[in-house]
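Colleague: Handing you this structure, nothing more for now.
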Amino acid sequence: MSRSEKIIERLNRSVATSSKVLFYPLVVKEAHGSRVTDVDGKTYVDFNAGWTVAGVGYSNPEVVGAIEAELRVSAGVPAGTFPSETAVEFAEKLLAVTPGDFEKRVWFGHSGTDSCAAAYKLLPLATKRQRIVSFYGGMHGVDLAGLAMGGMLATTRYPVPSVVSKVPYAYCYRCPYGLEYPSCGVYCASGFIEEVLFRNVCPPEDTSFIIVEAMQSDSGDIVPPERYLRMLKRTTERFGIAFVADEVKIGFGRTGKMFAVDHSGVEPDAVALGKSMASGIPTGALVARKELFPRGFAFSTLAGNAVSAAAGLATIKIIERDRLPERAAKLGHKLKKRFKELMDHHPLVGDVRGEGLFVGLELVRDRRTKKPAKAETAKVVYRAWQLGLLTVFVGAESNVIEITPALTITEEELDTGVEILERAVLDVEKGRVSGSLVRGYTGM
């Protein structure tokens, strides 16, 4: 038994099942850039970037240096009561880089969950409207607010408030209405919401905001049609409803632009941020129109602290200086081309989609019926780990391999990862991977 497997056994005896999501018996010793080394000394190419947290690479020296410098002088200072200039600079930077040519303010939290929860708590107070609209497949955090707004099966087992109405997202590969794009007229945007939702269960005059991921991640790396977000925005403007973009997982350059919503030209009224914004230091932010923040008490002791701010400033500096969004667009184009070629030779791959370094491979048992290949997907991810590549699967049916490497990954590392993934797909198609191997490593 490897040292990793022994530690996993200890993990299972000490950490609650609901506090871990495992895809293979990996225990990390150290991580740098796009390479991860386990406690047994094996080094892997990483196609996950810590669920996009390590956007500028693991243990980025510039970010580490900024954190160390700030830790020496301000560790433990409660930012809400004793603000620092570093935190103010970070807030000013967020105001500058987020979309929206209007007066904005920043609310700080500790995570993307906090950011979405801030919208859930604060916007209804500001708008004096109680209802909220979210989407099937959405993932907006793991507190009660996030669970209420979430649209995934994993979030439905908990008792949550009922002020949220959920509608289908623009999942063209599996259209919930049985329509086809573009002849559908993007009915899933304004059509269904205005003609059905608003008329029956969610009066628009009592709807505070719509929260949407410009590209859905955990539900299967879904990229909606070009007009989708613009049509949603027109609906919100027509009824005086706030438009909230959840950029927690897909923001900060990953999709080829600073934020995924930028691809549509839409200016959201609020943007929820987290994960990669501070390269692993727990930080979240909701950046919104000034008038969407009501007066009152709504902060956590260390939210917006100077250490997090220093990490965030260093991260954004690297993204802008090294033009990482443009680099992600270029590398993503190459990556999708490689995966399309892989799809031509492997019937297990039913669809390839994404933007920039945000790519999903949906695996199916039959391309005609599109029956999800759930077991096969777990095997591919496990086999890729055996061969030296770290990736994960997502999706409502757990059949989408998610590719979200660091924006700093080298082309050589990308090539290596693609080659490993293709070999893993082939091995699974040829029946060379036993189902017993993945037992206990099936994500959620």
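Derivation of every value follows stated rules applied to the coordinates shown; laboratory data play no part. Note that the structure is a prediction, hence the values are computed from the model and not measured. So basically every Cβ, Gly included, is an ideal-geometry build from the backbone, and we count neighbours across all protein chains shown.
Colleague: How large is ³J(HN,Hα) for each residue in segment 244-257, as worked out from phi by the Karplus curve 6.51 cos²θ - 1.76 cosθ + 1.60 (θ = phi - 60°), to whole Hz, x for Gly and Pro?
Modeller: 10, 9, 8, 10, 4, 9, 10, x, 6, x, 4, 8, x, 9
Colleague: How do 103, 226 rank when sorted from fewest to most other Cβ atoms within 10 Å of their own Cβ?
Modeller: On the way: 103 9, 226 13.
Listing 103, 226 from fewest to most nearby Cβ atoms yields 103, 226.
Colleague: Taking amide H atoms as placed 1.01 Å from N in the peptide plane, list the residues 5 or more away in sequence, or in a different chain, whose amide H sits under 5 Å from that of residue 208.
Modeller: Here 130, 131, 132 satisfy the definition.
Colleague: Quick check on the exposure proxy: order 258, 277 from fewest to most C-beta atoms within 10 angstrom.
Modeller: On the way: 258 20, 277 27.
Ordered from fewest to most neighbouring Cβ atoms within 10 Å, 258, 277 come out as 258, 277.
Colleague: Which whole-Hz couplings ³J(HN,Hα) result when phi for each residue of segment 323-335 is put into the Karplus expression 6.51 cos²θ - 1.76 cosθ + 1.60, θ = phi - 60°, listed in order with x for Gly and Pro?
Modeller: Along segment 323-335, the couplings run 6, 5, x, 5, 5, 4, 4, 5, 5, x, 4, 5, 5 Hz.
Colleague: May I pose another question? Report the FRET efficiency, 1/(1 + (r/R0)^6), for residue 301 and residue 158, where r is their Cβ-Cβ distance and R0 is 30 Å, rounded to 0.05.
Modeller: Numbers: r = 26 Å, r/R0 = 0.86.
E(calc), rounded to 0.05, equals 0.70.
Colleague: Over segment 355-432, what lengths in whole Å, largest first, do the semi-axes of the equivalent ellipsoid take, defined as the square roots of 5 times the eigenvalues of the alpha-carbon gyration tensor?
Modeller: Details: eigenvalues 91, 46, 20 Å².
Its equivalent ellipsoid spans semi-axes of 21, 15, 10 Å.
Colleague: Kindly write out, for segment 277-284 in residue order, the coupling ³J(HN,Hα) from the Karplus curve 6.51 cos²θ - 1.76 cosθ + 1.60 (θ = phi - 60°), rounded to whole Hz, with x marking Gly and Pro.
Modeller: 5, 9, 6, x, 7, x, 8, x
Colleague: Taking the alpha-carbon set of segment 6-156, what are its Rg and Dmax in Å?
Modeller: Answer for segment 6-156, Rg first and Dmax second: 19.5, 57 Å.
Colleague: Now for a different question. Arranged by the count of other C-beta atoms within 10 angstrom, fewest first, what order do 410, 113 take? The partial results should precede the final answer.
Modeller: On the way: 410 15, 113 21.
Sorted ascending by nearby Cβ count, the order is 410, 113.
Colleague: Based on DSSP, what percent of beta bridges with both residues in the chain are antiparallel, to the nearest 5?
Modeller: Numbers: 34 of 50 bridges.
That works out to approximately 70 percent antiparallel.
Colleague: Further, regarding this structure: Of the listed values (1) 1.63; (2) 1.22; (3) 0.96, identify the label whose number matches Cα Rg over 2.2 N^0.38 Å calculated from this model.
Modeller: (3)
Colleague: Between residue 1 and residue 18, what is the label-to-label distance in nm when each label sits 7 Å out along the Cα-to-Cβ direction?
Modeller: For the pair residue 1/residue 18, the computed spacing is 2.8 nm.
Colleague: Moving on to the next point. Cβ neighbours within 10 Å, averaged per peptide: list 195-203, 383-391, 81-89 in order, most packed at the top. Before the final figure, lay out the partial values.
Modeller: Details: 195-203: 13.4, 383-391: 21.2, 81-89: 15.8.
Descending mean neighbour count gives 383-391, 81-89, 195-203.
Colleague: Can you list residues whose amide H is under 5 Å from residue 246's amide H, if they're 5+ apart or on another chain and H is modeled 1.01 Å from N?
Modeller: The list, which skips near neighbours in sequence, is 212, 213, 214, 272.
Colleague: In deg cm²/dmol, rounded to 500, what helix-only [θ] at 222 nm does the chain give when every DSSP H run of at least 4 residues adds -39500 (n - 2.57) and the total is split over its residues? Mind dumping the intermediate values first?
Modeller: Numbers: 10 runs with 144 residues, N = 444.
Per the formula, -10500 deg cm²/dmol.
Colleague: While we're here: What nm distance separates the two modelled labels at residue 419 and residue 73, each placed 7 Å from Cα along Cα→Cβ?
Modeller: Inter-label distance under the simple model: 4.7 nm.
Colleague: Additional query: Once the dipole of the chain is set up with Lys and Arg at +1 and Asp and Glu at -1 on Cβ about the Cα centre, which of 296, 140, 404 lies farthest towards its positive end?
Modeller: 140
Colleague: Would you grab the residues whose amide H sits under 5 Å from the one on residue 371? Only those 5+ places off in sequence or on another chain, please, with H modelled 1.01 Å from N.
Modeller: 365, 366
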